[in-house]
């Protein structure tokens, strides 16, 4: 009986259980995951959680302070902006916009970057050189400046800003995928599949690509924070989401002239951006530690 119990205790863990054991050892990653889930729930249930519609104005409540400050009240717990809109409601609805922007941008970049990196790492030659030199050119340009140029060409708006940010972060996924594919194609299982006459498409997408997903997942979690930051920067410059959209960067742009006399209209959207970006970075660090065998303790 004792031998059987000892054998059960020493039995190898499954992949998911092993991943969770390493991930949960990182307390910062757990905190990041909890915050990301809270922001996600806030975005999903924004109409239920927000006390008012995000664009509802009140002519009798211009620049109302938060409830803990003199002149504030629980009617508007976090105060109002310059035209009487509830800050709390706009922050909650802004979470939906910011997450949609981050996830959509990363999904587009991962899809395009995976295809380019996979084909470049598999076929090599002139095609690989052309793709990687193009990615190097994009990387040499300041990311925000390149995004501004793209939006200036396409015109301001949330969709064009998302496309611009996707182009800016695309090289990271191309380079990661290419490096992983080059490493995997030299392994024995790929050689054996080729000897059995496996076609190129099946070899790339069924054999090689599944073994390259771990670094892409880590980069995607970090890329969401980058996308949220860049989209907020474009919104602050008036090139991203346009008023009266409650996107956090646009809220900062609307509040610039009230920095000195209404601190909450600037501080609270900036704080939401800071907390959300920090949470995704902590989550990405935890995923990197859990997926990389060299970092497992």
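Consider residue 239 carefully, then state whether it is more than 24 Å from residue 53 (Cβ to Cβ) and in contact with a helix residue (DSSP H, G or I) (Cβ under 9 Å, 6 or more places away or on another chain). Against the criterion (more than 24 Å from residue 53 (Cβ to Cβ) and in contact with a helix residue (DSSP H, G or I) (Cβ under 9 Å, 6 or more places away or on another chain)), residue 239 qualifies. Listed by first and then second residue, the pairs with beta-carbon distance under 8 Å, at least 6 apart or on different chains, first residue in region 109-135 and in contact (Cβ under 8 Å) with a residue 24 or more places away in the chain and at negative phi, second surrounded by fewer than 20 Cβ atoms within 10 Å (Cβ to Cβ) and not in a helix (DSSP H, G or I), form an empty list. For region 137-184, the set of residues classified as over 15 Å from residue 101 (Cα atoms) and without any contact (Cβ under 8 Å) to a residue 24 or more places away in the chain consists of 137, 140, 141, 142, 145, 146, 149, 150, 153, 154, 155, 183, listed by residue number.
The residue that is surrounded by the most Cβ atoms within 10 Å (Cβ to Cβ), among those in region 203-227 that are more than 30 Å from residue 100 (Cβ to Cβ) and in contact with a helix residue (DSSP H, G or I) (Cβ under 8 Å, 6 or more places away or on another chain), is 208.
Taking the conditions exactly as written (over 26 Å from residue 77 (Cβ atoms) and in contact with a helix residue (DSSP H, G or I) (Cβ under 6 Å, 6 or more places away or on another chain)), does residue 180 satisfy them or not? Yes; evaluated as a whole, the condition is true for this residue. Applying the selection to region 140-186, what residues are part of a helix (DSSP H, G or I), loosely packed, with under 14 Cβ neighbours inside 10 Å and within 20 Å of the chain's Cα centre (by Cα)? Selection gives 145, 159. Evaluated against (1) in contact (Cβ under 8 Å) with a residue 24 or more places away in the chain; (2) in contact with a helix residue (DSSP H, G or I) (Cβ under 7 Å, 6 or more places away or on another chain); (3) within 26 Å of residue 252 (Cα to Cα); (4) assigned to a helix (DSSP H, G or I), residue 89 falls short on exactly one condition, (2). You will find that of 267, 276, 250, the residue that is without any contact (Cβ under 8 Å) to a residue 60 or more places away in the chain, buried (at least 22 other Cβ atoms within 10 Å of the Cβ) and under 27 Å from residue 77 (Cα atoms) is 250 and no other. A single entry from 95, 50 fulfils the requirement of being under 29 Å from the mean Cα position of the chain (by Cα), at pLDDT 90 or above, surrounded by 13 or more Cβ atoms within 10 Å (Cβ to Cβ) and under 30 Å from residue 287 (Cβ atoms): 95. Please find, within region 258-280, the residue that is modelled with the highest pLDDT out of those that are closer than 15 Å to residue 62 by Cα and part of a loop (DSSP other than H, G, I, E, B). The extreme case among them is 263.
The values are calculated or read from the model by the stated rules, or taken from the named source; none is laboratory data. Everything quoted here is computed from the prediction, not taken from an experiment. All Cβ positions, even for glycine, are placed from backbone atoms using ideal geometry, and neighbour counts span all protein chains on display.
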